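Working notes, beginning with the structure itself.
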Amino acid sequence: MQTIEKHFVATYEVKKSKFIAHLVPISEYKGLQEKLRAEHPKSRHVVYALRYLNEFEQIVENSSDDEEPKGAAGVPSLNVLRGEALINVAVLTVRYFGGIKLGIGGMARAYASAVKEVVAQSNVVLYEKMLKYSFSTSYSDIQRVEYILNKIEIIQIEREFLNDGAAWTIESTENKIESFKKELACMR
């Protein structure tokens, strides 16, 4: 499985209709459809498709045709995400009607092509499951722990200062957590 780490945009045109595809991490999806409608008030549709892993590691999928003919927009977009094995992403496509009808088949191809275009332009990375790890340190070890975290490039860090030291919770990939544990064991 693959994913992305930031927002990507690509434009695809066919028969004067313009399709602007936005590929985003699932964390940026909420509220984006309304934001795109506000940014593109003359557009006809904002179609979406999404795939993500829930808390039970099951793939959840959803799509919307946004008043396009049933199955002509959301499902073709979703099929591209499936075909590229993308996870924890959403794609939203803004459509401006160019005056020439595409037909249902042509519309499905156009939406799929717009999504393929944005995927091709995006920086796709291998999906790695994120894990949390909690531990405690004394005050004298805080700088060394921060040095190790920076060296391994673990950036999601929560730290709480206690009477006798600090309580830490970090979130990163399994490989980085294991590397950190080894370094921490050597430090002690």
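Computed from the coordinates by the stated procedures, all read-outs in this text should not be read as laboratory data. Treat the numbers as computed from the prediction; the structure is a model and nothing was measured. No Cβ is skipped: glycine too gets one built from the backbone with ideal geometry, and neighbour counts run over all protein chains shown.
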Relative contact order (percent, whole number), segment 1-61, Cα cutoff 8 Å, 6+ residue spacing: 21
Extension gain (nm, one decimal) between Asn79 and Lys101, 0.36 nm per residue minus Cα-Cα: 5.6 nm
Cα long-axis angle, helix 103-121 against the chain (0 to 90 degrees, to the nearest 10): 30
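List the pairs from Lys151/Lys182; Lys151/Lys176; Lys42/Lys116; Lys6/Lys30; Lys35/Lys70 whose alpha-carbon separation is above 20 Å, in the order I gave them.
With Cα atoms farther than 20 Å apart: Lys42/Lys116; Lys35/Lys70.
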Highest-fluctuation residue, Leu32, Leu92, Leu23 considered, GNM on the chain with Cα pairs under 10 Å: Leu32
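Note down the magnitude of the dipole of the chain about its Cα centre, charges +1 on Lys and Arg C-beta and -1 on Asp and Glu C-beta and zero elsewhere, to the nearest 20 debye.
Charge dipole of the chain: 900 debye, to the nearest 20.
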Reciprocal mean inverse distance between Cα atoms of segment 110-167 - Kirkwood radius, Å: 14.9
Simple spin-label estimate for Lys181 and Thr169 in nanometres, 7 Å along Cα-Cβ: 1.9
Translational diffusion coefficient (Stokes-Einstein; Kirkwood radius from C-alpha pairs) of segment 67-110 at 20 °C, 1.002 mPa s, in µm²/s: 186
Tail beyond 13 Å, pair distance distribution of segment 23-87 (Cα, percent): 67
Spatial separation of Cα centroids for segment 128-169 and segment 1-67, in angstrom: 35
Listed residue (Tyr133, Ser77, Thr11) projecting farthest to the positive dipole end of the chain, Cβ model: Thr11
0 to 90° range, to nearest 10: angle between helix 142-152 axis and the chain longest Cα axis: 40
